[in-house]
Amino acid sequence: MKEWFEGKTVAVVGNAMALFKKQHGDEIDSHDVVVRLNKAAMLYTRMDVKLSHGKKTNVWVFWSTSEYKSFFSKIPGHVKKMHAGHQARTPNNIHAIDFVYPESLYKPLKLKSGRHRNPTTGLITLDYISTCNPKNVTVYGFDWKESATFTDPEKKRERGCPHDYPVEREYCMNTFFSKSNFILRD
């Protein structure tokens, strides 16, 4: 949904544990649109993250409708839901999604995401937003697994759903963060 992002300031909030040590909450919430990835959208209920992650959520991007379907009723109705991956998408659960990342973008991105050809939710999100002509995009909580994520602190899920983080990092730095309107916050 191009209109979600076109001409707007966008904050994309990832899952790196390192973000909990920062105080970016007010800055994140000051954006026109706040995008949260996978289980980061669940943080809006945790008041202890207001300082680090903020409270505002406008768009929730996730990779699996089956895994996150149980959360749909817990997310406020104004939050748009975007399915980023192509796993676990069935007619039984796709009806509850506001937008599905297009296959026409997914296929070429797989080729750019490294040896596993399995782009992360973060890469898919940045790729889509970049096609929507945003005013600017500031990204928080992305370190390509240099630190653990709060959703997978022991990196156990990585074995079942592997990603090529060094390749994705290089691609993101060259493709998105080389533009003046894309900023990677520490």
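The values are calculated or read from the model by the stated rules, or taken from the named source; none is laboratory data. Owing to the predicted nature of the structure, the values given are computational and were not obtained by experimental measurement. Quick reminder, even Gly has a Cβ in these numbers, built from the backbone with ideal geometry, and neighbours come from all protein chains shown. Note: accessible area is taken over every heavy atom of the protein model, side chains too, but ligands, DNA and RNA are not part of it. Shrake-Rupley method; radii C 1.70, N 1.55, O 1.52, S 1.80 Å.
If you sort the three axes of the alpha carbon gyration tensor as a ≥ b ≥ c, you get a/c of 1.5 or more for segment 1-78 and a/b no higher than b/c, which makes it oblate. Note on residue 154: accessible area approximately 120 square angstrom, rounded to 10, probe 1.4 Å, nucleic acids and ligands left out.
For the chain, what is the relative contact order in percent, using Cα pairs closer than 8 Å and at least 6 residues apart in sequence?
Working: 318 pairs, mean separation 50.8, N = 186.
It comes to 27 percent, rounded to a whole number.
Heavy-atom accessible area per residue, the chain, 1.4 Å probe: how many Å²? Each step should come with its number before you reach the end.
On the way: 8930 Å² over 186 residues.
Accessible area per residue, the chain: 48 Å².
A simple spin-label model places the labels of residue 147 and residue 173 1.9 nm from each other, with each point 7 Å out along Cα-to-Cβ. With each label modelled as a point 7 angstrom along the Cα→C-beta vector, the residue 111-residue 2 pair spans 2.4 nm.
Among 174, 136, 15, determine the one that fluctuates most according to a GNM of the chain built with springs between C-alpha atoms less than 10 Å apart. Result: 174 has the largest fluctuation of those listed.
Shape analysis of the chain yields a ratio of the Cα radius of gyration to the Kirkwood radius, Rg/Rh, of 0.92. Computed in the context of the full set of protein chains, the accessible area of the chain at 1.4 Å probe radius has 52% of its extent on carbon or sulfur.
Taking the Cβ-Cβ separation of residue 72 and residue 161 as r and a Förster radius of 22 Å, what is the calculated FRET efficiency to the nearest 0.05? Given R0 = 22 Å and the Cβ-Cβ separation, E is 0.55. Apply the a/c threshold of 1.5 to the C-alpha gyration tensor of segment 107-150 and tell me whether it is rounded, prolate or oblate. Since a/c reaches 1.5 but b/c is at least a/b, the shape of segment 107-150 is classed as oblate. For residue 74, the lysines whose Cα falls under 21 Å of its own Cα, not counting residues fewer than eight places away in the same chain, are 39, 50, 55, 56. Put a dot 7 Å past the Cα of residue 27, heading toward its Cβ, do the same for residue 9, and the two dots end up 1.2 nm apart.
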